[in-house]
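Asker: One structure coming up, written as structure tokens, with questions to follow.
The values are calculated or read from the model by the stated rules, or taken from the named source; none is laboratory data. These figures come from a predicted structure and were not determined experimentally. With ideal geometry, Cβ positions are generated from the backbone for all residues, glycine too; neighbour counts draw on all protein chains shown.
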Number of protein chains: 2
Amino acid sequence: MADSAQDNGDGSLVDALARTSYAVMAVLSRVAAEHDLSLTQLRVFGILRDRRVTMSRLAEYLGLEKSTLTGLMARAEKRGLVERAANPDDRRAVDVYLSAAGLELAETVSGAVARELAALTAALSAGEQGRLRALLERMLEP
Amino acid sequence: MADSAQDNGDGSLVDALARTSYAVMAVLSRVAAEHDLSLTQLRVFGILRDRRVTMSRLAEYLGLEKSTLTGLMARAEKRGLVERAANPDDRRAVDVYLSAAGLELAETVSGAVARELAALTAALSAGEQGRLRALLERMLEP
DNA sequence: CCAAAATAGTTCGCGATACAAACTAATATA
DNA sequence: TATATTAGTTTGTATCGCGAACTATTTTGG
């Protein structure tokens with residue numbers, strides 16, 4: 001069998017991680033959908049909230065092809081949520097950034113996400129929340 | 001600002017949860033893609049690994065429309081990974097289940113997922129892993 | 001017991017997502 | 001300066017997911 005890597009309770013940590021992730025992603029999807037956004041667009045908004053980047057860099061952040069970004073940004077632009085402008089330093093490059101409406105939506109959505117995810121963690125005491133955060137951060141560390 | 005729900009370190013717990021989920025989903029996506037499966041198909045395989053269910057029930061598990069399942073299963077069937085058969089009790093219903101090849105793929109993929117996610121948690125000591133698991137499970141509890 | 005309603009799946013048409021390959025324009029490099 | 005690299009777009013393709021319309025079976029109510 002393939003489970004040579006762990007034997008004791010390790011398996012259920014992996015399980016718990018996967019289930020947690022599905023639960024979190026379900027929350028994110030729902031909140032995004034409530035604002036007519038896809039999960040990817042939600043990520044885009046998170047990135048552009050405090051940054052102005054080129055299409056290439058955005059594609060890199062998202063792990064998507066540039067050609068995917070073209071369509072993604074075109075749709076968001078048509079909705080008036082992001083804007084595109086020539087990069088002043090490189091005439092090949094195109095900068096993308098949130099419009100005023102996009103920024104407002106980003107704040108709204110980010111607030112909703114924070115609220116809904118906080119609801120998820122509400123079952124834990126303050127102390128447990130702190131310990132959970134510390135463990136997750138240690139795990140995510142490079 | 002929208003973050004009225006929390007002030008202290010809580011915000012970063014939500015952050016850590018979201019980042020963890022993205023990391024986990026990235027692993028799942030990658031592993032799935034390595035076996036020419038989508039994230040949804042991965043979930044299907046997880047469900048069908050030890051169950052034979054009707055299309056409707058599967059749709060319910062996944063939170064998808066029945067019409068979505070039709071295409072999903074048709075493609076998987078064409079690849080020889082799942083099979084469909086009339087339900088003996090209800091002649092309207094169609095049961096789906098993994099073929100031998102599908103079952104084998106499911107085991108392989110599940111092993112790979114377990115291994116890759118275990119790699120993620122490898123930064124933590126055995127004790128920390130146990131504590132993390134306990135916290136996550138407490139959080140997921142109904 | 002039978003007409004009407006509910007349920008199970010499929011089909012069809014649609015839009016969004018994502019990729020790869022081919023292309024244009026601009027910048028770097030040899 | 002000729003060539004290679006990089007940035008984005010365009011085009012074509014496949015998948016995903018939805019909703020509406022449809023068929024075939026139960027279920028239910030009178």
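Asker: So is B:Gly130 without any contact (Cβ under 8 Å) to a residue 40 or more places away in the chain, over 30 Å from A:Glu128 (Cα atoms), at the interface with another protein chain (Cβ under 9 Å from one of its Cβ atoms) and of a type outside the set (Val, Ile, Thr) or not?
Answerer: no
Asker: Of all residues in segment A:82-112, count the ones that are more than 11 Å from DNA strand D (Cβ to nearest atom) and either in contact (Cβ under 8 Å) with a residue 24 or more places away in the chain or among the charged types (D, E, K, R) (or both).
Answerer: Final tally of qualifying residues: 14.
Asker: Here's something else I'd like to know. If A:Ser38 satisfies all but one of (1) within 12 Å of DNA strand D (Cβ to nearest atom); (2) within 13 Å of chain B (Cβ to nearest Cβ); (3) among the hydroxyl-bearing types (Ser, Thr, Tyr); (4) within 28 Å of B:Tyr61 (Cβ to Cβ), what's the number of the condition it fails?
Answerer: That leaves (2) as the condition not met.
Asker: Please identify the pairs in which a residue from segment B:50-62 that is more than 11 Å from B:Val94 (Cβ to Cβ) has its Cβ atom under 6 Å from the Cβ atom of a residue that is more than 12 Å from DNA strand D (Cβ to nearest atom) and in a helix (DSSP H, G or I), counting only partners at least 6 apart or on another chain.
Answerer: Partner pairs satisfying both residue conditions: B:Tyr61/B:Ile47.
Asker: Applying the selection to segment B:61-81, what residues are away from DNA strand D (no atom under 11 Å from the Cβ), away from chain A (no Cβ under 14 Å) and surrounded by 13 or more Cβ atoms within 10 Å (Cβ to Cβ)?
Answerer: Within segment B:61-81, B:Glu77, B:Leu81 meet the criteria.
Asker: For segment B:102-142, which residues satisfy the criterion of being out of contact with any Asp or Glu (no Cβ under 8 Å at 6 or more places or on another chain) and not in a helix (DSSP H, G or I)?
Answerer: Within segment B:102-142, B:Ala122, B:Leu124, B:Ser125, B:Glu141, B:Pro142 meet the criteria.
Asker: Please go through segment A:21-44 and give me each residue that is in a helix (DSSP H, G or I) and free of Cβ contacts under 8 Å to residues at least 60 places away in the same chain, ordered by number.
Answerer: Listed by number, the residues that qualify are A:Ser21, A:Tyr22, A:Met25, A:Ala26, A:Ser29, A:Ala33, A:Leu39, A:Thr40, A:Gln41, A:Arg43, A:Val44.
Asker: Away from DNA strand C (no atom under 15 Å from the Cβ), in a helix (DSSP H, G or I) and out of contact with any Ser or Thr (no Cβ under 7 Å at 6 or more places or on another chain) - does that describe any residue in segment A:93-101?
Answerer: Yes, because at least one residue in segment A:93-101 is away from DNA strand C (no atom under 15 Å from the Cβ), in a helix (DSSP H, G or I) and out of contact with any Ser or Thr (no Cβ under 7 Å at 6 or more places or on another chain).
Asker: On to the next question. With at pLDDT below 95 and more than 12 Å from DNA strand C (Cβ to nearest atom) as the only criterion, which of A:Arg84, A:Arg30, A:Arg52, A:Arg57 stands out?
Answerer: That would be A:Arg30, the only listed residue that is at pLDDT below 95 and more than 12 Å from DNA strand C (Cβ to nearest atom).
Asker: Taking the residues in segment A:89-119 that are within 14 Å of chain B (Cβ to nearest Cβ) and acidic (Asp, Glu) as candidates, determine which candidate is farthest from A:Leu37 (Cα to Cα).
Answerer: A:Glu116
Asker: Another one. Restricting segment A:63-81 to residues that are assigned to a loop (DSSP other than H, G, I, E, B) and among the aliphatic types (A, V, I, L, M), which is farthest from A:Ala93 (Cα to Cα)?
Answerer: Checked segment A:63-81; the qualifying residue farthest from A:Ala93 (Cα to Cα) is A:Leu81.
Asker: While we're on this one: With (1) at pLDDT 95 or above; (2) among the basic types (Lys, Arg); (3) out of contact with any Phe, Trp or Tyr (no Cβ under 9 Å at 6 or more places or on another chain) as the list, and B:Arg43 as the residue in question, which single condition is left unmet?
Answerer: So B:Arg43 meets the others, but not (3).
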